[in-house]
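S.K.: This is the structure I want to talk about, given as structure tokens.
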Amino acid sequence: MRKKIVAGNWKMNKNLQEGLALAQELDAALKGKTVNCDVVIGTPFIHLTSVVNAVDTTKIGVAAQNCADKASGAYTGEVSAEMVASTGAKYVILGHSERRAYYHETAEILKEKVLLALKNNLTPIFCIGEVLEEREAGRHFEVVKSQIEESLFDLSAEDFSKIVLAYEPVWAIGTGKTATAEQAQEMHAFIRKTLAGKYGEEVADNTSILYGGSCNASNAKELFANPDVDGGLIGGASLGVDKFMPIVEAF
Ligand code: PEP
């Protein structure tokens, strides 16, 4: 059975003290509570160790938002997958559209990052999604399929089964414009069919596919009610426990 996951992506928000306070508040909100999904928070690199030490990591998985495409060495300013794993973080968000667009992360670079993440026992939360012009041109399925094929389809079925996917239509990220539940389900079903074609029904059925893009307390229930939507990757609404907990509790 595939996992239901609600993952926060804090992006470049919250200084260390603020981030720690947010993580502790979420930890307190989850204490003694049974929720029907795994909860993950994606923090800036420098917060990882403090957040891992501050929360009950059996209830909150901690994610980096990126890792280097090289294992180690003279790459000033980079943070390796091994370093991320050494903090106790268990996940890494890869291929976010902001990294693809602003930092020119190509399919090839992302392929390397995925391999290094897996080598270091991190679960990649791999983001895919089309921009508005691609959707308007009716190319959204083709674009998403290529993103998956180009960065992930050289993986063995065993390795692929460790990946979590996040479908994030770029036009819905941070815009307040959510994909409709029908648009999300249509794409998620298409993604699952694409996975089944490559790795078989069992792997496809067991892959968690999250939706991301202006998901919030008011639309999460409707989005998550779809059979192929296994949770959410949440940006803006992950920056406050009052906004994030209702999404966690939408399952
Ligand atoms: C994101 O950046 O992953 C995201 C989904 O952002 P938002 O929820 O703010 O649209």
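S.K.: Take the residues of the range 171-187 that are surrounded by 22 or more Cβ atoms within 10 Å (Cβ to Cβ) and at pLDDT 95 or above: which is nearest to the ligand (Cβ to nearest atom)?
M.R.: The qualifying residue nearest to the ligand (Cβ to nearest atom) is ALA184.
S.K.: Then there is this: Could you list, in sequence order, all residues of the range 207-228 that are away from the ligand (no atom under 12 Å from the Cβ) and closer than 24 Å to ALA64 by Cβ?
M.R.: Correct list: THR207, SER208, ILE209.
S.K.: Mind listing just one residue for me: the one in the range 194-205 that is loosely packed, with under 14 Cβ neighbours inside 10 Å and assigned to a helix (DSSP H, G or I) and, of those, nearest to the ligand (Cβ to nearest atom)?
M.R.: Taking the candidates together, the pick is ASP205.
S.K.: When LEU233 is evaluated against the numbered criteria (1) within 12 Å of the ligand (Cβ to nearest atom); (2) part of a loop (DSSP other than H, G, I, E, B); (3) of a type outside the set (Lys, Arg), which criterion, by number, is the only one it fails?
M.R.: Against the list (1) within 12 Å of the ligand (Cβ to nearest atom); (2) part of a loop (DSSP other than H, G, I, E, B); (3) of a type outside the set (Lys, Arg), LEU233 comes up short only on (2).
S.K.: Could you please tell me which pairs satisfy a Cβ distance under 9 Å, a separation of 6+ or placement on different chains, a first residue in the range 202-214 that is within 9 Å of TYR167 (Cα to Cα), and a second residue that is surrounded by fewer than 23 Cβ atoms within 10 Å (Cβ to Cβ) and of a type in the set (Phe, Trp, Tyr)?
M.R.: GLY213/TRP171
S.K.: Test VAL6 against the stated conditions and say whether it is touching a strand residue (DSSP E or B) at 6+ places or on another chain (Cβ under 8 Å) and either among the hydrophobic types (A, V, I, L, M, F, W, C) or assigned to a loop (DSSP other than H, G, I, E, B) (or both).
M.R.: Yes: the conditions hold for VAL6.
S.K.: Just the residues that are of a type in the set (A, V, I, L, M) and more than 20 Å from the chain's Cα centre (by Cα), please, taken from the range 1-29.
M.R.: Result: LEU16, LEU20, ALA21, ALA28, ALA29.
S.K.: Something else about it: I'm trying to understand the selection: among the residues of the range 101-145, which are within 14 Å of the chain's Cα centre (by Cα) and within 19 Å of SER214 (Cα to Cα)?
M.R.: If the condition is that a residue be within 14 Å of the chain's Cα centre (by Cα) and within 19 Å of SER214 (Cα to Cα), then ILE125, PHE126, CYS127, ILE128, GLY129 are the ones that fit.
S.K.: Specify the residue that is surrounded by the fewest Cβ atoms within 10 Å (Cβ to Cβ); the eligible residues are those in the range 1-38 that are small (Gly, Ala, Ser) and free of Cβ contacts under 8 Å to residues at least 40 places away in the same chain.
M.R.: Ranking the qualifying residues of the range 1-38, first place goes to GLY32.
S.K.: From (1) touching a Gly at 6+ places or on another chain (Cβ under 9 Å); (2) surrounded by fewer than 21 Cβ atoms within 10 Å (Cβ to Cβ), pick out the condition that doesn't hold for TYR102.
M.R.: Evaluating TYR102 over (1) touching a Gly at 6+ places or on another chain (Cβ under 9 Å); (2) surrounded by fewer than 21 Cβ atoms within 10 Å (Cβ to Cβ) leaves (1) as the failure.
S.K.: Next up: Could you check the range 89-117 and list, in sequence order, the residues that are away from the ligand (no atom under 13 Å from the Cβ) and either among the aromatic types (Phe, Trp, Tyr) or in contact with a strand residue (DSSP E or B) (Cβ under 7 Å, 6 or more places away or on another chain) (or both)?
M.R.: ALA89, LYS90, TYR91, VAL92, TYR103, LEU110, LYS113, VAL114, ALA117 - these are the residues of the range 89-117 that are away from the ligand (no atom under 13 Å from the Cβ) and either among the aromatic types (Phe, Trp, Tyr) or in contact with a strand residue (DSSP E or B) (Cβ under 7 Å, 6 or more places away or on another chain) (or both).
S.K.: Give the range 39-51 a look and list any residue that's free of Cβ contacts under 8 Å to residues at least 60 places away in the same chain and either farther than 27 Å from SER86 by Cβ or in contact with a strand residue (DSSP E or B) (Cβ under 7 Å, 6 or more places away or on another chain) (or both), or say none.
M.R.: Of everything in the range 39-51, those that are free of Cβ contacts under 8 Å to residues at least 60 places away in the same chain and either farther than 27 Å from SER86 by Cβ or in contact with a strand residue (DSSP E or B) (Cβ under 7 Å, 6 or more places away or on another chain) (or both) turn out to be THR43, PHE45, LEU48, VAL51.
S.K.: State whether one or more residues within the range 68-88 are within 16 Å of the ligand (Cβ to nearest atom) and either surrounded by 23 or more Cβ atoms within 10 Å (Cβ to Cβ) or not hydrophobic (A, V, I, L, M, F, W, C) (or both).
M.R.: Taking every residue of the range 68-88 in turn, none turns out to be within 16 Å of the ligand (Cβ to nearest atom) and either surrounded by 23 or more Cβ atoms within 10 Å (Cβ to Cβ) or not hydrophobic (A, V, I, L, M, F, W, C) (or both).
S.K.: If you check ILE109, ILE148, which single one turns out to be under 20 Å from VAL79 (Cβ atoms) and not basic (Lys, Arg)?
M.R.: After applying the criteria, what remains is ILE109.
The values are calculated or read from the model by the stated rules, or taken from the named source; none is laboratory data. These numbers come from a predicted model, not from an experiment. No Cβ is skipped: glycine too gets one built from the backbone with ideal geometry, and neighbour counts run over all protein chains shown.
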